[in-house]
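One structure is given below, encoded as C-alpha cells.
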Amino acid sequence: MSKYTAVLTLFLGFSTLAHGASENLNQSQQRMLANLQIQHDQLQSQLQQITGQMDELRHTVEQLQKQLVSANPDAEIVQAPSNPSAPATMAPGALSNGTAQEQYAKARGQLNDRDFVGAESTLRDFVSFHPDSPLLVNARYWLAETYFMRDDYERAAVEFAEAYRSFQRFKDKGADRQAALKAPEILLKLATSLHTLGKKQEAIITLAQLKKDFPVTAPNLREQADRLRRDINSSK
C-alpha cells in the first residue's frame with residue numbers, strides 16, 4: 001500500500017471523502033476512491049496486527065523492568081504507559097520540558113533562526129507532552145514546515161496530514177481561531193507536498209477537500225490553490 005494512500009486515509013476519512021469531495025471528482029478519480037476504500041480496510045487490519053504486537057512488546061518490557069527491579073531495588077524505572085498512544089511519563093527528577101506556551105515560543109524562535117533541526121526536536125517534544133494544548137494544531141503545522149522547508153516532502157505530507165487530523169479533533173471541541181485559520185493552509189501545503197512527490201491524484205483529492213471544508217478562504221490562499229490545481233492539470 002502506498003504511504004500516501006495511508007496519509008489520505010488517516011486524515012480525510014472515507015465517509016467524508018466518498019460523500020463530500022467525490023462530487024468534485026471525475027470518474028477516474030472516483031474509481032481511485034473505491035480502491036482507496038479497499039486499501040483503507042487493509043490498513044485497518046494491519047493496524048490491528050500492530051496493536052497486538054505492541055501489547056506483546058509492552059508485556060516484554062514490563063517483565064524486563066521487574067527483573068531489573070529485582071536485581072537492583074534502588075533503580076529508578078520509568079513505567080511504560082498503559083495506553084501506547086499516551087505521552088511517556090517522566091521519571092522523578094527528569095528535566096521538565098516547560099509549559100506549552102514556553103515550548104511553542106522556543107520552537108518559533110528556532111524557526112525564525114532557520115534552525116529547522118532544533119525546531120523539529122522542540123515541536124516533537126511539544127506534541128508528546130502537550131497533546132491537549134490549544135496550540136497543538138499550530139505546533140503540528142510548524143513541525144510539518146520543518147520538513148517542508150528542507151524539501152523532505154514525504155515526512156512533510158505525513159505531518160501536515162496529522163496536523164489536519166488534530167484540527168478535526170479540536171474542531172469537535174470548539175477549535176480556537178488560530179487553529180481554524182491554519183487549517184486551510186494545512187490542506188494546501190499537504191496538496192503541494194503530494195504534488196511535488198508526483199502524487200497528482202492524491203493532491204487533487206486534497207484540494208477538493210479544501211474546497212469542500214473551506215468554501216470561503218483568504219484570497220491569496222484561494223489563488224495559490226487555483227494555481228496549484230492548474231499546475232497539476234497541466235502536468236498530466
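Things worth noting here:
- Condition met for residue 212 (of a type outside the set (S, T, N, Q) and at pLDDT 95 or above): no
- Residue 198, sole failed condition from (1) within 23 Å of residue 149 (Cβ to Cβ); (2) assigned to a helix (DSSP H, G or I): (2)
Conditions tested, residue by residue: (1) of a type in the set (S, T, N, Q); (2) surrounded by fewer than 22 Cβ atoms within 10 Å (Cβ to Cβ).
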| position | (1), (2) |
| --- | --- |
| 159 | no, no |
| 181 | no, yes |
| 189 | no, no |
| 202 | no, no |
| 212 | no, yes |
| 217 | yes, yes |
| 222 | no, yes |
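- Pair list, Cβ under 6 Å, 6 or more apart: region 93-122 residue modelled with pLDDT under 95, other residue among the acidic types (Asp, Glu): 97/125
Conditions (1) under 23 Å from residue 198 (Cβ atoms); (2) touching a helix residue (DSSP H, G or I) at 6+ places or on another chain (Cβ under 8 Å); (3) modelled with pLDDT under 95, marked per residue:
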| site | (1), (2), (3) |
| --- | --- |
| 136 | no, yes, yes |
| 144 | yes, yes, no |
| 147 | yes, yes, no |
| 168 | no, yes, yes |
| 177 | no, no, yes |
| 180 | no, yes, yes |
| 184 | no, yes, yes |
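The values are calculated or read from the model by the stated rules, or taken from the named source; none is laboratory data. Small disclaimer: the values here were computed from a predicted structure and weren't measured. Positions of Cβ are generated from backbone atoms using ideal geometry, with glycine treated the same way; all protein chains shown enter the neighbour counts.
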